[in-house]
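Participant: Dropping the structure in here first, questions after.
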Amino acid sequence: MINFKADVFKIGSWTLLVLPESASKHLSSRGMVLVEGTINGHRFKKPLEPDGRGSHWLAIDQAMQKAAGISAGDTAELKVEQSKDWPEPTLPKDVAEALAKAPDVQELWADITPAARWDWLRWIASTGKSETRAKHIKVAFSKLRNGTRRPCCFNRALSTVPEVSKGGALLEPVNN
């Protein structure tokens, strides 16, 4: 079990926290990892995103904030351990629509692991431009058709959420 405290902050509309490097170093990867544990005593199971600087960050949605009694500006106490039992990712609308139009890719998609599906979705979403995102979907489908089970050639240790990162690194926090 990894125990630590971290400050909760906002970047845009997102509320999150960054793991101290001393906690993050106990994880198996600088890329996305799945953890389960508690935040202020509230149980959760979520992926940690890489921050692009050697650590990880955790998105804290409104339900999690309410259950844990935290908001931006607070310090949270976490106890986590890495999990290998990846849940099925939620498909973004554009990916779901593209899969609906490609039954052959649906079959390939179903044949890869949930962790691989999370990786593909991370890679698809790693751009803020809708045209590039559409291209990523086409390339992903082409690669799946050619037998590639996971995206390659992108640095998994970079932050890939355009709303909270730039150039692969998490933006600076803003406390509200």
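Participant: Just to be sure I understand the filter: pairs with C-beta atoms under 6 Å, separated by 6 or more residues or on different chains, first member in segment 31-44 and outside any loop (DSSP other than H, G, I, E, B), second member among the aliphatic types (A, V, I, L, M) and open to solvent by 30 Å² or more (accessible area, probe 1.4 Å). Which pairs pass?
Facilitator: 42/67
Participant: For segment 82-94, state whether one or more residues are of a type in the set (A, V, I, L, M, F, W, C) and open to solvent by less than 40 Å² (accessible area, probe 1.4 Å).
Facilitator: no
Participant: While we're on this one: Being part of a loop (DSSP other than H, G, I, E, B) and more than 18 Å from the chain's Cα centre (by Cα) is the filter here, so list the residues in segment 126-152 that pass it.
Facilitator: 129, 146, 147, 148, 149
Participant: Within segment 68-107, which residues are outside any loop (DSSP other than H, G, I, E, B), farther than 25 Å from residue 127 by Cα, without any contact (Cβ under 8 Å) to a residue 40 or more places away in the chain and more than 21 Å from the chain's Cα centre (by Cα)?
Facilitator: Selection gives 103, 107.
Participant: Search segment 45-67 for residues being part of a strand (DSSP E or B) and open to solvent by 40 Å² or more (accessible area, probe 1.4 Å), and hand back the single one that is farthest from residue 19 (Cα to Cα).
Facilitator: Top of the filtered list is 45.
Participant: Another question about this same structure. Could you say which residue among 113, 75 is open to solvent by 20 Å² or more (accessible area, probe 1.4 Å), among the β-branched types (Val, Ile, Thr) and closer than 26 Å to residue 6 by Cβ?
Facilitator: 75
The values are calculated or read from the model by the stated rules, or taken from the named source; none is laboratory data. Keep in mind the model is a prediction, meaning the values are calculated, not measured. Because the Cβ atoms are built from the backbone with ideal geometry, glycine has one as well, and the counts that use them run over all protein chains shown. For the accessible areas, the whole protein counts, side chains as well, though only heavy atoms, and no ligand, DNA or RNA atoms are used. Shrake-Rupley method; radii C 1.70, N 1.55, O 1.52, S 1.80 Å.
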